[in-house]
Amino acid sequence: MFGYVRPYVPEMKVRELERFRACYCGLCHELGREYGLAGRSILNYDFVFLAMLLWGDRPDCCYEYRRCLPGLCRKRCVCQTSPSLTVAAGYSVILAYWKARDGRADGRGARKLGAAAVCAFLHRAYTDAAGRYPEFDAQVRQRLDALAALERAGEPSLDKPAHEFASLLSFAANAAGEEEKRPLEQLLYHVGRIIYLADGYFDLEDDLKTGNYNPVAARYALREPHVPENVREEILGTLMSSARMSYAAFQLMPVSYWTSVTENIIGLGIPDMIRAVIDGTYKTVRRGLPKSPLYAGGGEMEQ
Amino acid sequence: MSDPYKVLGINPNASDEEVKKAYRELAKKYHPDNYTDNPLADLAQEKMKEINEAYDTITRSRKGGSGGAGSYSSGGSAYQGAGAYQSASNPAYAQIRQALASGNLQYAEQLLDSSPTRDAEWNFLMGSLYYRKGWLDDARSFFQRAVSMEPYNGEYRQALNTVSQANSPYRQAGYGSPATQGGFDMCDMCTAMMCTQMLCGGCR
């Protein structure tokens, strides 16, 4: 369910995109250094975003050139380690592990097997990370338990399960400084809602087929993967309102080294992702960074 | 107080024009309209006050003391008054509105739960409560009910509109969205006509 939060590349400056990529690589190296190969395997855009948001008033990022498996031939520009990358790496391991645990307990068929394998693979990395961030670990565990209970009961409200996931993510704001804590909490809350609900919408077809809980199906009592137009509009409105609220919260954060990149992600990347998920084009843009610049301004995304 | 130039994010030797521009942009960003019913409204208000003060300090010091800066400060402070709730018909509802406005959501929820009537305004207030919590889907359901019970109430319709708006998400904040960039709206048309007019004038 991760990887939804990404920049809208056509509107980025070249240096912003390069910095973003370097930060992505930086998080990957951080995961590798601290948690080994298992850590690297869970790398995703969402936690790059978190690392950038937690940057606070730290000095500008430092870069270095490093080799890695996909970049064997040519060294790549990578962010040097920083406390916010370390925290984001730890949090991502904890969250990925508990998500897999949940899947192992609740999933069916191939999903259950896959989750069990991920669980075993991540266990060591998880023990390390949980030792370092026990509070976050406890919070994730508690929230995901509550979420699983709601899912088992087939909760018909969209907001209740989304609240659990959103609260879990907003807890990460505790790693930020005093000044940005409140807006960041609100920002992450709404981003968490968006991730949970967009993922629910995206998985609708699969979940209906396998019989897993799906928040969108439960809320609108859907039996088939076809979503009526008015329901689609409503969900789009709900998600966009959350996006607006997270942007409003973002405006109240102090300016940091990463502000121009995070502004692109919240202001353009997230709304673009939402539109793509709702109109069904997300599947095609999911891999890699979204779309070529030729895509910009095209009519494809018009409603 | 911190450096007023830093607050506005500009260089101390910026021109008056640049100062004004920076101030206006920030004032638009923190405008109370962007934070109606938002749990962070107080923070936005604080920021607004900060930039108003910074702007006043700069203009006053540039005008050499006391001269003429007052007009700006009054213009700025006009931004501060966040749109308060309209008067309520039922005293119990007035209390709930107050609790909502002050951010005491738990108390507001208690009052709403114990309220004997379930009329349009109750539904609206429930919606407001959920909106503040960030539970936007439930908020919409309540606003919808309020509007269907009292279709001509402007306040309820406005609230429903805010929560169901899907397009042009960040227009208030002055940030274009990719979906609107390819389009050709009335403003573009207007600008195009103005340009044509200018060119035609130049030919003569």
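Values as computed for the structure displayed
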{"item": "Among residues of the stretch A:235-257, those that are more than 7 Å from chain B (Cβ to nearest Cβ) and assigned to a helix (DSSP H, G or I), counted", "result": "4"}
{"item": "Scope the stretch B:104-139; condition charged (D, E, K, R), surrounded by fewer than 24 Cβ atoms within 10 Å (Cβ to Cβ) and within 11 Å of chain A (Cβ to nearest Cβ); matching residues", "result": "B:R132, B:K133, B:D138"}
{"item": "Set A:Y91, A:Y45: member being within 24 Å of A:R275 (Cβ to Cβ), away from chain B (no Cβ under 14 Å) and among the aromatic types (F, W, Y)", "result": "A:Y45"}
{"item": "Test for A:R143: is it under 23 Å from A:A217 (Cβ atoms), in contact with a Cys (Cβ under 6 Å, 6 or more places away or on another chain) and of a type outside the set (F, W, Y)", "result": "no"}
{"item": "Among residues of the stretch B:8-27, those that are facing chain A (nearest Cβ under 10 Å) and at pLDDT 90 or above, counted", "result": "1"}
{"item": "Residue, nearest to the chain's Cα centre (by Cα), within the stretch A:258-286, restricted to residues that are more than 10 Å from chain B (Cβ to nearest Cβ), among the small types (G, A, S) and in a helix (DSSP H, G or I)", "result": "A:A276"}
{"item": "Pairs with Cβ under 7 Å, 6+ apart, first in the stretch B:13-32 and basic (K, R), second in a helix (DSSP H, G or I)", "result": "B:K29/A:Q251"}
{"item": "Some residue of the stretch A:107-119 being assigned to a helix (DSSP H, G or I), without any contact (Cβ under 8 Å) to a residue 40 or more places away in the chain and closer than 17 Å to A:E34 by Cβ", "result": "no"}
{"item": "Flag if A:P70 is in a helix (DSSP H, G or I) and either within 14 Å of chain B (Cβ to nearest Cβ) or surrounded by fewer than 18 Cβ atoms within 10 Å (Cβ to Cβ) (or both)", "result": "no"}
{"item": "The stretch A:193-218: number of residues that are among the basic types (K, R) and crowded, with 21+ Cβ neighbours inside 10 Å", "result": "1"}
{"item": "Per-region count, the stretch A:187-220, residues free of Cβ contacts under 8 Å to residues at least 24 places away in the same chain and basic (K, R)", "result": "1"}
{"item": "Matching residues in the stretch A:157-181 - criterion: being within 13 Å of chain B (Cβ to nearest Cβ) and touching a residue at least 40 places away in the same chain (Cβ under 8 Å)", "result": "A:S157, A:L158, A:P161, A:A162, A:E179, A:E180"}
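Every residue, every condition in (1) free of Cβ contacts under 8 Å to residues at least 60 places away in the same chain; (2) buried (at least 16 other Cβ atoms within 10 Å of the Cβ); (3) over 16 Å from the mean Cα position of the chain (by Cα); (4) assigned to a loop (DSSP other than H, G, I, E, B), yes or no:
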residue	(1), (2), (3), (4)
A:R15	yes, no, yes, no
A:R19	no, yes, yes, no
A:A22	yes, yes, yes, no
A:C28	yes, yes, no, no
A:R33	yes, no, yes, no
A:A38	no, yes, yes, no
A:V48	yes, yes, no, no
A:M52	no, yes, no, no
A:P59	no, no, yes, yes
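The values are calculated or read from the model by the stated rules, or taken from the named source; none is laboratory data. Computed from a predicted structure; not experimentally measured. Glycine also receives a Cβ, built like all others from the backbone with ideal geometry; neighbour counts cover every protein chain displayed.
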